[in-house]
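J.: Please find one structure pasted underneath; my questions will follow.
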Amino acid sequence: MQKNISFLVGFILFTAFVGCKEDKNIANTKTVTSPSIDQSESRQGDTTVIKEKPKDIEVPKGMVWVPGAVFDQGAVAQDKMAMNHEKPAHKVAVDGFFMDITEVTNAQFKKFVEETGYKTVAEREIDWEEMKKQLPEGTPRPPDSIMQPGSLTFKKTKTSVPNLYDFSQWWNWTIGANWRHPNGPGSSIKGMDDFPVVHIAYEDALAYCEWAGRRLPTEAEWERAARGNQTRTIYFWGDDESPLSKMANTWEGEFPVTNNKADGFERRAPVRSFAPNDFGLFDMAGNVWEWTSDWYNTTYYNDLFSQNTIIKNPNGAESPFNERDPYAREKVMKGGSFLCNASYCASYRVSSRMATSLDSSLEHLGFRTVATPDMLRNRNK
């Protein structure tokens, strides 16, 4: 039985990059050929962006206007923790848009479920016929006792972990874990209406967006919003890490053994628990990772930089590509989580970006939505 459990956990961890550590030995993206990127909106020198909120559109409740800008996306030069897939920094132009002030909360997602009857990926029966397509031919089917709905939950280790590449030391496949039971059976979200909803797979986030008349942000939009007026800093508040415990919910102590809770929390925190950025957006660092709509492509930044052009309203790579797993279909997630630690990833930095497979749901992954003026105009017709 234990062998089968390990197999299932290994499969999920293989298809979901749930950690933060990057293998520097495989990150020289200049030597890798990637799928071509979408240049449908690329224009040399076209940097005119919508900065001011159109007067005919009211700011939707729970959102703020993020002014358009031309900015440097990616790691700044002084960021010594930057990973290679955050480099090189490259200029992009983004039109203004509306963004949720906080991550989507349990209360908001509950309303969506009550009105639609939607069932998340983590709550559905596992489709073995679909799963085995992603596994080596001949892989045996695990027993029914394991092939049950669930998700990945975090568990602290009892001792120091010498190998931070082995995510299975702190991630566990937990039957019965989902957005209603974030820590597994016996846990609940009662009294946690203002906590970010988690265990949300990509299609779950899209379903919510469709119901709400919104969409997920692109990676460029997310980073523009997070940077605020701090255009060339490591963190959304500047370059000094010392105020971290007052600015974000992260892992402070030895990961993944002890969390001294200097920021007041060991796991998720209610939204608005920490200071907002310049635009009034909360949790743009730490707490839970957030989905974006961009495919994760490890060569994408180098492709853009080599073209010596400013991309306007980029939608990310045309297709996914990951050197570790060329067949993976992953989306970019941004913002870091309560598990981010300086010794491990420091993904509370604005440029931080990680990848997760479309069907992954995790205890530290949620989302927020955006809307453009045109989306709101069309919705009001």
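J.: Being assigned to a helix (DSSP H, G or I) and closer than 20 Å to E330 by Cα: is that true of Y165 here?
T.: Against the criterion (assigned to a helix (DSSP H, G or I) and closer than 20 Å to E330 by Cα), Y165 does not qualify.
J.: With the condition kept exactly as written, say whether any residue in segment 315-333 is within 15 Å of S351 (Cα to Cα) and outside any loop (DSSP other than H, G, I, E, B).
T.: yes
J.: Scan N315, N249, N259, N287 and give me the residue that is among the polar types (S, T, N, Q) and more than 25 Å from N183 (Cβ to Cβ).
T.: N315
J.: Return the residues of segment 231-261 that are over 23 Å from Q78 (Cα atoms), surrounded by fewer than 20 Cβ atoms within 10 Å (Cβ to Cβ) and not aliphatic (A, V, I, L, M); say none if nothing qualifies.
T.: The answer is G253, E254, T258, N260, K261.
J.: Restricting the first residue to segment 104-118 and requiring it to be modelled with pLDDT of 95 or more, which pairs with a second residue that is in a helix (DSSP H, G or I) and surrounded by 13 or more Cβ atoms within 10 Å (Cβ to Cβ) meet a Cβ separation below 7 Å and a spacing of at least six or different chains?
T.: What qualifies is V104/Y208; F109/Y208; F112/Y208; F112/W211; T116/W211; Y118/F112; Y118/A207.
J.: Which residues, counting only those in segment 181-211, are part of a loop (DSSP other than H, G, I, E, B) and touching a residue at least 40 places away in the same chain (Cβ under 8 Å)?
T.: Correct list: P182, N183, I189, M192, D193, D194, F195, V197, V198, H199, I200, A201.
J.: One residue is enough: does segment 77-85 have a residue meeting the conditions over 30 Å from P314 (Cβ atoms), in contact (Cβ under 8 Å) with a residue 24 or more places away in the chain and either assigned to a loop (DSSP other than H, G, I, E, B) or of a type in the set (A, V, I, L, M) (or both)?
T.: no
J.: Residue pairs, Cβ under 9 Å, 6 or more apart or interchain, first in segment 234-262 and touching a residue at least 24 places away in the same chain (Cβ under 8 Å), second of a type in the set (A, V, I, L, M) and not in a loop (DSSP other than H, G, I, E, B). List them.
T.: That search, which allows pairs on different chains as well, returns Y235/L244; Y235/M247; F236/A226; F236/M247; W237/M247; T250/L244; E252/L244.
J.: Take segment 356-381 and flag every residue that is surrounded by fewer than 24 Cβ atoms within 10 Å (Cβ to Cβ), at pLDDT 95 or above and among the aliphatic types (A, V, I, L, M).
T.: Answer for segment 356-381, where residues must be surrounded by fewer than 24 Cβ atoms within 10 Å (Cβ to Cβ), at pLDDT 95 or above and among the aliphatic types (A, V, I, L, M): V370, A371, M375, L376.
J.: Taking the options V121, V66, V94, name whichever one is surrounded by fewer than 21 Cβ atoms within 10 Å (Cβ to Cβ) and either charged (D, E, K, R) or in contact (Cβ under 8 Å) with a residue 60 or more places away in the chain (or both).
T.: V121
J.: Would it be correct to say that R324 is surrounded by fewer than 19 Cβ atoms within 10 Å (Cβ to Cβ), in contact with a helix residue (DSSP H, G or I) (Cβ under 7 Å, 6 or more places away or on another chain) and not acidic (D, E)?
T.: yes
J.: What are the residues in segment 334-347 that are in contact with a Phe, Trp or Tyr (Cβ under 7 Å, 6 or more places away or on another chain) and in a loop (DSSP other than H, G, I, E, B), if any?
T.: Across segment 334-347, the qualifying residues are G335, G336, S337, F338, L339, C340, N341, S343, Y344.
J.: Filter segment 113-162 down to residues that are over 25 Å from C345 (Cβ atoms), in a loop (DSSP other than H, G, I, E, B) and not polar (S, T, N, Q), then give me how many there are.
T.: 19
J.: Does T250 meet the test of being over 28 Å from L376 (Cβ atoms), at pLDDT below 95 and β-branched (V, I, T)?
T.: no
J.: A follow-up question, please. Can you name the residue in segment 267-309 that is of a type in the set (S, T, Y) and in a loop (DSSP other than H, G, I, E, B) and is also surrounded by the fewest Cβ atoms within 10 Å (Cβ to Cβ) among such residues?
T.: If we take residues in segment 267-309 being of a type in the set (S, T, Y) and in a loop (DSSP other than H, G, I, E, B), then T309 is surrounded by the fewest Cβ atoms within 10 Å (Cβ to Cβ).
J.: Could you pull out the residue among F11, F98, F17 that is assigned to a helix (DSSP H, G or I) and either within 26 Å of R329 (Cβ to Cβ) or modelled with pLDDT of 95 or more (or both)?
T.: Exactly one residue qualifies, and that residue is F11.
J.: Mind checking whether some residue in segment 343-355 is among the charged types (D, E, K, R), touching a Leu at 6+ places or on another chain (Cβ under 9 Å), modelled with pLDDT of 95 or more and on the phi < 0 side of the Ramachandran plot?
T.: No - not one qualifying residue is present in segment 343-355.
The values are calculated or read from the model by the stated rules, or taken from the named source; none is laboratory data. Note that the coordinates shown come from a computational prediction; the quantities given were computed from them, not determined experimentally. Methodologically, a virtual Cβ is constructed for each residue, glycine included, from the backbone with ideal geometry; neighbour enumeration extends over all protein chains shown.
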